[in-house]
Structures are given as C-alpha cells and as structure tokens.
Amino acid sequence: MYGKYCHVCGQENVEPKETFFGMVTHFFFDITHFDGKFFTTLKDLLLYPGFLSAEYVKGKRMSYLNPVRMYVFTSAVFFLIFFSISGSSKVFKVTKGNEPLSRAERDSVIKELKKELGLTPSDDNLQQQLTLLQDTSKQVNYLDLMEYDDDFVTVGTVGGNYKDNKEYDSIQNSLPAGEKDGWLKALWNKKAIDLNERFKHDKGSSVSKVFDLALHKLPYLLFVSLPFFALILKLLYIRRKEFYYADHGIFSIHHYILSFILLLFVFLWSKLDDITNWRIWDFFTIITIIAWPVYLFLSMRRFYRQGRIKTFVKFLFLNISAFIVLIVLLIFFFLFSIFQL
C-alpha cells in the first residue's frame, strides 16, 4: 500500500486504532451520509415517477440509496406502524381473577363496548355475542366476542363430515384401496378435524387465530410477490432486449417502496380524521389512493419510454396479472396459516 489510499480497494491508509472521538465522528458522518442519500432518493422517487429506476439502470447510483436497503427500511417502518395499528383494538377485562363477571358487570362491559363501537343502546346484537364473558379468564378483543355456534366449523372437511380422527381413520380403513383419500386430501381432512375439535366450534377464537396468523404473513406475501411482479414486466416488455430481469426488479422495488409510502399517508389521514373529524382527510385519502395507479402509469412511461396507448394497455395487463398473482398467493398463505394453527 503506497500513499494515503490503497490502489486496489481504496481503503484509507490509517492505523486501525481509533480514539473515541474518532468513532463518534465516523458514526455521525455515516448517519448524515445515509440520511442525505435517503432524502435525496425519497424526493426523486416521489416527484419524478420512473426517474430513479432509470438512473439506477444507467449506472448513476452513488447519489442514491440502494433500492434493496431502501425497501428493507421502508417496509420495516410500514409494517411496524401497520401492526401497531391493527393490534391496537381495545381490550376489555372480562373476569375478576378466575371468577366470571356478574350480570351487572357484564351489562357494564356491554355498555362500554357499545359506546366504543358506536352502537345505539337498543342494539342487542352485541348482547348476543358476549357468551364468552361467562366462563373465560382471558382478556379478549372484538373478534373474540363472537358467539359460540354449534353448526359452525373452523375448516370444512372434504368428502364427508367426521366427528374425530378416530372415526375418519375407521372409515378410511374400511374402504377399498382405490376409494381411500389421497395423501393431500387425508392431510387436509385430519387437520380440519383437529382444528374443529380444538376450537369446539368457537367461531370467534378460530377466526381470530387464522386472521392473526395470516396478517403476520403479509410481509412475506409482499416480498414473495415482488419477483412475480418483475416477471410480469419482463413478459410485457419481452421484445425490449436492453432491459434485463434485474432492471425490471429494480423498477418493481421502487414501485413497492412508493406503495408503502402512499399507504403510510393513508394511515396518517385516517388518524388525523379520527382526531379532528374533519372531512378534508377523506379527500386526501381519495387523492392518495388515486395517485397510486397514476404514478405507476407515469413510471412505466418514463422508464420504458413507450407511447401512452402502448403503456396504458400494458398497464392494464400488469394490474390484472398482478391481482391474479396476489389472489393465488393470498390463498396459499391462508392455507399455510391454517396448517400452522
């Protein structure tokens, strides 16, 4: 190594020992450097649709935050806020110690819940949904307050109704080999029987469990959908040989980042609406939602450099195809969530 910097890797030729002040200084420079790149990237991402992806593909990357790093950062912030909001429903204590609440105490809880939900005092629907108050020793949220239903099953079986796995195995063993359920059907039926037995036809508990598991799979679902989104773009622009799959991936990442940001704005308008009750926030919500497809269309025009009609047709195909992919992934993750119960 000759001179102040290495001619191979560019590392500064300094002693590895560093003072505390030097460490603090480097930390401050690293933070401000990150922030500077982040806000520059954010500004160009929001104000110039498709520009950031085009600049990255051209190799102009030093002034901007790496797309993957920015995706990780924005998605982390988004899901942190999302889960804090989705998990913030009011929880009510429904027992005193291990003893059920008295009738008067139950009526008080019902009254409080009605007030929280904005129901009229004469609305008896909630009254019918509070049988859990009789024997539970847990704190429950609104989903837990659904009624017990003897006719409700958590997951339906295929090919018949079975009381338990013992009955199912007995019926299967009595059938000829060609009429027995295949491994997939048998796997599903046994899981369905197990869940129905576990939740004892408790609609509230089962729905809450499945909903909670599926909700926490949302980050994975969006992450898995990203390469499919890029693949659709690759197929739509298959004749554009100058664009590699990775280029479509960069465009997709920037679009997902923008989607997270717009959804954060929707959460913000909703929160401000709850605080102020001003109708103006509904207007901002509508504008923000409309901005998403408009932004995507403008991004496609700038990045792929095609006319309005061609871009619009591909824009429609992209949204329809992406919607179908999301539905398939939602079904897959929903079934996966059931098998995790």
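The values are calculated or read from the model by the stated rules, or taken from the named source; none is laboratory data. Everything numeric here is computed off the predicted structure, so don't read it as measured data. Cβ atoms come from the backbone with ideal geometry, glycine included; neighbour counts cover every protein chain shown. SASA here: full protein model, heavy atoms, side chains in, ligands and nucleic acids out. Shrake-Rupley method; radii C 1.70, N 1.55, O 1.52, S 1.80 Å.
Structural remarks
- Set L213, L233: member being part of a helix (DSSP H, G or I), open to solvent by 20 Å² or more (accessible area, probe 1.4 Å) and modelled with pLDDT of 70 or more: L213
- Selection within segment 312-341 - surrounded by 15 or more Cβ atoms within 10 Å (Cβ to Cβ) and either closer than 15 Å to H248 by Cβ or small (G, A, S) (or both): K314, F315, L318, S321, A322, V325, S337
- Residue in segment 219-226 that is open to solvent by less than 30 Å² (accessible area, probe 1.4 Å) and either outside any helix (DSSP H, G or I) or among the aromatic types (F, W, Y) (or both) present: no
- Filtering segment 37-60 to residues that are open to solvent by less than 30 Å² (accessible area, probe 1.4 Å) and not in a helix (DSSP H, G or I) leaves P49, G50.
- Pairs, first free of Cβ contacts under 8 Å to residues at least 12 places away in the same chain in segment 315-339, second open to solvent by less than 40 Å² (accessible area, probe 1.4 Å) and in a helix (DSSP H, G or I), C-beta under 9 Å, six or more apart: F332/L221
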